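**Student:** So that we are looking at the same thing, I have put the structure below in structure tokens.
Every read-out reported here was derived from the displayed coordinates using simple, explicitly stated rules and does not represent laboratory data. Note that the coordinates shown come from a computational prediction; the quantities given were computed from them, not determined experimentally. No Cβ is skipped: glycine too gets one built from the backbone with ideal geometry, and neighbour counts run over all protein chains shown.
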Amino acid sequence: MVKGFLHRLRRQPVVAWVFAWFSEQFATEPEDDFMRSRGDAAQLQRPPVMSVAPATFERQFMKLHAQGRFEEMWEMLAEDAQRAWGGRDAFIRDMPRLDAETELLDMQVVSVAVVDGWTDQLHRRTYSNVARMVMRYRVRQQWREWTFDRQVHLIPAAGTWRTLVYPVSKQLVTS
């Protein structure tokens, strides 16, 4: 009886649209455009399918950083960031390190949003389908422990996310 009722409801255009929208919110991403061909209601533009969630990507990046595994981090950088570093060797040599007395204790995701577009004002570049996250890091240095929040931007590339970690400018350090 319930199945018959739902079947009759789905024949109504507005209700069919609501069912389509609702099911898409909880469905996995299709490998083709079949699910998006249900009509005008499902024509929302989505970011490309990513192999990992943005928060998972950022946690992995920071874990590698804390472990000093800069060779592996290089592949996680966006092309723009790689160019700014001037190459893998420069990145491995110049990427800031945690000193022996500093330990990354915890990292939490405060918020995640995939935005249609974002402009990096410092580097004057605009990106599409950007994962904008606020991460909270808990750090200990000797006996002192503190927490800080940092906004992180990831861009889609090659079926995964890439981070926009640029070298620290000498001008920024002295200012």
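**Student:** Taking the mean number of other Cβ atoms within 10 Å as a proxy for protection, how do you rank 105-116, 60-71, 142-153, 127-138 from highest to lowest? All intermediate terms of the calculation are to be shown ahead of the outcome.
**Tutor:** Values: 105-116: 13.1, 60-71: 15.2, 142-153: 11.5, 127-138: 17.3.
Answer by packing, highest mean first, reads 127-138, 60-71, 105-116, 142-153.
**Student:** What does the convex hull of the Cα atoms come to per residue for the stretch 57-175, in Å³? Please report the intermediate quantities before stating the final value.
**Tutor:** Details: hull volume 14.3 nm³, N = 119.
Once divided by residue count, the hull of the stretch 57-175 is 120 Å³.
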